[in-house]
Every structure is written in structure tokens, then in C-alpha cells.
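Right, one structure below, let's go through it.
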Amino acid sequence: MQPNSRESQIARKFCGASRPWNASRPWKMIKLFSILIALLSVTIASGCKPTQKSTEIPSAEVSNVEQAKPAVLITVSISPESRVKATAEELAMELDQGVWKDFFVEIENAAGITAPLIIESEQILQSDDDSSRERWLQFELKPNVALTGLRNEIRSLRLKSRDSGIRTAILNFNAGQGTQDLGFRSDVLVTFKVHEK
């Protein structure tokens, strides 16, 4: 090929005037691009994705977090007619004598009422000096304010036992006069194993 030929001028334009013309160079470039396209196609077809750092929490840590959360002790359902029904969850209920323990109360408020949720029981201590053998339980409901009217709410129920051993209480849930269930379903029986301190 002559240095001043048209092909030589085109080669200088694309490859640089300082480099000698190599007729096989374009074919090598085409072959290289073909290989790259083939590799890219295989990668896409195989569903290959960039490696990402796993954000999953180890099962042991998940277990510890779940154990730290208060358990749901009682579910309170308020019907559209404002009748209150309470049911206790099936779980191992244990307390340590003289130590507060937190539980959850789930509230399903189909009536949308905004009255305070009231808990009554004959087993609740009347004062710190109460020596009655029938009364042994202290409780705190938080937040101790009126219901919001939302369909679902959760309240924290803190319990503490003065005595050790197997202790049983009947808790009555209502939202004011006339809201107790007619079949005494607003009463719930709870039994605790209280460990001596």
C-alpha cells in the first residue's frame, strides 16, 4: 500500500498520523468488542447482580430482640355496640416477687369510643399496707388516658405481685358503665407463677 494512498490517509485520520497503518487492527477491535458483548449477554442472562452486603439480622439476635419485647397478655375487643370482651393469650405467665413486669394489651376498638379503658379486680391491692390474703396484685396501665378512637391500639400493662407461688386473678375490662359484655366475657382469668425473691 502506498503511503499517500487514500486508504493510508483514512488510517492516519482514525489511528493517528504517528502510528503505522496495520490492516488487521480494525478486525482485532471488532473481535474484542464481540467478545465483550458476548460476556455481557451471558452475565445478564444468568441474572448476575453486584455483590451486596447482607442486612439480615442473625437468628440469635432476632431471638434476643423478640424475648426483650413485652408479650401480649390480653386482647380487648370493643364491639360496634360498645360491648367489651377480653381474652387472655396462651403464654407462660411468670413474675418475680416484688418486681414490675411489662405486658401488652391489644385493643380492637370497632365502636371507635374515646372513653378511658378501666381495669378492675378483687385481687388488686388497695394500698401498700394492705395485708389481705385475697389481694396480692399491683398494676399500672400506660398511657392511662382515654382511648383515641382508632381501630387498633396497644397499651402497656405493668404488673407486680406482693406474694410468691401460684397466684390467680380475675381482671375485668370495661370502658365505663354499660360497656361490660352481657355474658361476662369482659372478665379474664390470669394465673401467674411468681418466683420468690
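Here are a few things to note about the model shown:
- Some residue of segment 161-179 being in contact (Cβ under 8 Å) with a residue 60 or more places away in the chain and of a type in the set (Asp, Glu): yes
- Qualifying positions in segment 119-157 - surrounded by 14 or more Cβ atoms within 10 Å (Cβ to Cβ), in a strand (DSSP E or B) and without any contact (Cβ under 8 Å) to a residue 60 or more places away in the chain: 119, 124, 137, 138, 139, 141, 153, 155
- Taking first residues from segment 62-78 that are outside any helix (DSSP H, G or I) and partners that are modelled with pLDDT under 90 and surrounded by fewer than 14 Cβ atoms within 10 Å (Cβ to Cβ), the Cβ contacts under 7 Å between residues at least 6 apart in sequence or on separate chains come to 71/91.
- The numbered conditions (1) of a type outside the set (Val, Ile, Thr); (2) farther than 17 Å from residue 74 by Cβ; (3) surrounded by 14 or more Cβ atoms within 10 Å (Cβ to Cβ); (4) modelled with pLDDT under 95 are all true for residue 97 except (4).
- Residues of segment 161-191 classified as assigned to a strand (DSSP E or B) and either more than 14 Å from residue 121 (Cβ to Cβ) or at pLDDT 85 or above (or both), total: 16
The values are calculated or read from the model by the stated rules, or taken from the named source; none is laboratory data. Small disclaimer: the values here were computed from a predicted structure and weren't measured. Glycine also receives a Cβ, built like all others from the backbone with ideal geometry; neighbour counts cover every protein chain displayed.
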